[in-house]
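Here is the structure we will look at.
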Amino acid sequence: MFGSYKKENGEVMDHWYTLVPGFNTSTKEFYEAVEGELKERQVPGLDIFHVDFTEGGLLASKREYLRMNRERLIFDICAAPFGTGFFFSCRFAEIPAVIRLWQLLVVLVAALMTVALVFRYLGLILGAVVLLAGFVFLIYILRNAVAMGLKDLDATLIRSPVLGPIYENWFRRETYYRQDTRLMYRDTVNDVVKAKVEEVTGAKGIRLITFNEYSPILGELYKSTTVDLSQNPPTV
């Protein structure tokens, strides 16, 4: 999908995994189960696709991940054999909206071309009035796209490789609603994946006790915590 960050790696904010000794299952069927549950929940703005990441260098084998993407927030899910066991992992990351020089140059060139055309066909005075009115109107639209019911425009701008970072950093208004929907997206996907891990292992008589969770602190440092599923099991 255009602008869905199929290969980009973000800044990992949460990461959990569980290793199940003496267990094996179908990676494809597990991914399909997660996809099916999330589609039933109809999470707004969610894209789901499969991504192959290399295990090491350019010539190393590739491992398939299931990626969920909403705006710049991604989940990378992995289910794969490990020796005689099987592991499940889940990373929650954010791809920063970084404005690059080439994006600014493209916008600047487009703006100069627009100004030149307006002055050419409308003249100096009328052209200046039209440009000023158009600029004010454009800023208003960009600042209030969602509030005006233009959700498709908002989504298109976010996914634009040229305008996306500029729109998010300079114009897109942060609201309680956006904060809440990001939290609901994070919790929904995380709960579904954990529940499906329990479901697929439970079908073979295995009861998971813990997930090992990691939260990034000071960049690349991680603090390990443990979640006891017998006290707080995830539900679907």
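Here, each number is a calculation from the coordinates, and none is a lab measurement. Treat the numbers as computed from the prediction; the structure is a model and nothing was measured. Counting neighbours? That spans all protein chains shown, and the Cβs are built from the backbone with ideal geometry, glycine included.
Observations on the structure shown:
- Quotient of C-alpha Rg and 2.2 N^0.38 Å, computed over region 101-171: 1.24
- Rounded to the nearest Hz, the phi-derived 3J(HN,Hα) couplings of region 121-132 under the Karplus curve 6.51 cos²θ - 1.76 cosθ + 1.60 (θ = phi - 60°) are 9, 10, x, 5, 6, 4, x, 5, 5, 5, 5, 5, where x marks glycine and proline.
- Under Karplus coefficients 6.51, -1.76 and 1.60, residue-wise ³J(HN,Hα) of region 16-30 in Hz, glycine/proline x: 9, 8, 9, 10, 10, x, x, 10, 8, 7, 8, 4, 4, 5, 5
- Using the Stokes-Einstein relation with a Kirkwood hydrodynamic radius computed over Cα pairs, the translational diffusion coefficient of region 141-195 at 37 °C and a viscosity of 0.692 mPa s comes to 264 µm²/s.
- Cut-off 18 Å (backbone N to label point 7 Å along Cα→Cβ of Y177), residues of region 112-152: 140-152
- Too-long pairs where the Cα-Cα distance tops 26 Å, listed order kept, from K62/K204; K62/K151; K62/K196; K28/K151: K62/K204; K62/K151; K28/K151
- Neighbour counts of C-beta atoms inside 10 Å place H50, H15 in the sequence H50, H15, starting with the fewest.
- A Förster radius of 41 Å, combined with the Cβ-Cβ distance separating D187 from F119, puts the computed FRET efficiency at roughly 0.20.
- Amide H to amide H, with H built 1.01 Å from N, M13 comes under 5 Å of F92, A93, E94, counting only residues 5 or more places away or on other chains.
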